[in-house]
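Right, one structure below, let's go through it.
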Amino acid sequence: MPVLTPGGIIIGLLLGSLVVWMKPAVTYLFAFVTFTGAMEMNLSDFRKVLTHIKPLLFVFVCSHIATPLLVYLLTSVLFPSNPDIATGFILLTAIPIAVSSYVWTSIFYGNGPMTLTLVLIDTFLAPYLTPLTVRLLTSSKITIDTTGMMISLIIMVVIPSVLGMLLNSIKPDYTKKAAPCCKPFAKLALFAVVILNGASISTTVQFKWSFLPIVFINMFISLGGFLMAYGFSRLAHASVKDSVSMTITGGMRNISAALVLAMNFFPPESSIPVVCGILFQQMLIACTCRFLFGKYQEQQMLEEK
């Protein structure tokens with residue numbers, strides 16, 4: 001993942017108008033990616049996690065209240081005359097938790113069912129929370145197609161998540177075989193999504209050296225999001241296993257979905273912070289979790305042997 005997404009952006013920028021005509025396929029490619037991830041979600045695990053609601057509430061407060069407000073304050077100071085860029089940063093904090101959070105949770109021996117439950121709930125709330133957050137925290141000068149954004153999120157995230165979870169609940173033996181077969185194609189589909197969105201950016205946005213500070217601000221916000229989520233896990237007195245899940249889900253965002261939304265419903269420059277997020281999120285979560293949970297991970301690996 002740390003190689004896949006930045007590589008897709010670079011290829012998309014190079015290909016530009018040669019592939020941009022395929023942009024209408026992005027929504028459906030992303031729906032397939034979501035469906036593949038949802039096939040690992042289980043209703044029984046979902047019910048078990050809901051009996052311990054405290055960690056879930058802490059993650060949602062971190063993700064959908066604390067982080068967006070802090071980013072709003074930061075962008076208001078740093079980009080007072082550029083509402084498009086500020087909107088891009090707000091969008092990054094308004095989108096749902098990344099499905100790939102489950103992969104990183106597994107790598108660092110976190111609470112898998114908790115992560116999947118958080119992804120599932122956040123996914124269902126996304127068509128309402130994302131437009132509402134963007135509407136409340138962005139400049140009135142920005143015109144946003146709220147209805148179109150909600151429909152896009154429902155098609156890309158909600159419907160495939162429901163279908164994948166239902167299929168896993170009804171035919172668990174089938175999904176156990178189908179999910180590993182679908183995963184390579186899901187990665188290719190995600191790669192195609194990033195390439196096509198990169199191509200769209202190349203035809204609508206002219207990159208400038210003045211965008212360089214956006215890269216560093218994006219890294220600061222992303223890293224700050226993970227550390228804030230970790231701080232919330234400490235406030236909740238979570239176990240190390242739960243803390244891994246809370247840190248990852250509290251900081252990771254479905255940035256590919258954000259890029260689709262940015263290219264379809266926002267001014268072109270709003271996609272710049274989103275692109276920067278795609279470039280760094282996977283690398284930052286790897287480094288952050290290694291720093292915070294490296295010893296725990298090594299201990300769990302030894303116990304497995």
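The values are calculated or read from the model by the stated rules, or taken from the named source; none is laboratory data. The structure presented is a predicted model; accordingly, all values stated were derived computationally and were not measured. Here the Cβ is made from the backbone with ideal geometry for all residues, glycine too, and neighbour counts use every protein chain on show.
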Note to self: So for the stretch 60-72 (the condition being without any contact (Cβ under 8 Å) to a residue 12 or more places away in the chain, surrounded by fewer than 23 Cβ atoms within 10 Å (Cβ to Cβ) and of a type in the set (Ser, Thr, Tyr)), does at least one residue qualify?
What the structure shows: no
For helices (runs of 4 or more DSSP H) lying entirely in the stretch 1-120, having 1 or more residues that are touching a Leu at 6+ places or on another chain (Cβ under 8 Å) and hydroxyl-bearing (Ser, Thr, Tyr) picks out 4-15, 67-78, 101-107
Flagged in the stretch 163-172 as of a type in the set (Lys, Arg) and either touching a residue at least 24 places away in the same chain (Cβ under 8 Å) or surrounded by 14 or more Cβ atoms within 10 Å (Cβ to Cβ) (or both), in numbering order, are none
Note: among Ser76, Ser81, Ser44, just one is over 16 Å from the mean Cα position of the chain (by Cα), modelled with pLDDT of 85 or more and surrounded by fewer than 16 Cβ atoms within 10 Å (Cβ to Cβ), namely Ser76
Sole miss for Thr34 among (1) modelled with pLDDT of 85 or more; (2) crowded, with 20+ Cβ neighbours inside 10 Å is condition (1)
Taking the stretch 173-191 and the residues there that are within 9 Å of Met39 (Cα to Cα) and touching a residue at least 40 places away in the same chain (Cβ under 8 Å), the one that is surrounded by the most Cβ atoms within 10 Å (Cβ to Cβ) would be Thr175
Filtering helices (runs of 4 or more DSSP H) wholly in the stretch 142-243 for at least 1 residues that are more than 23 Å from Phe30 (Cβ to Cβ), at pLDDT 85 or above and over 17 Å from the mean Cα position of the chain (by Cα) gives 159-170, 172-204, 212-235
Any residue in the stretch 25-43 that is more than 30 Å from Gly198 (Cα to Cα), polar (S, T, N, Q) and touching a residue at least 60 places away in the same chain (Cβ under 8 Å)?
yes
If we keep only residues of the stretch 252-299 that are closer than 22 Å to Pro24 by Cα and outside any helix (DSSP H, G or I), then the residue nearest to the chain's Cα centre (by Cα) is Asn254
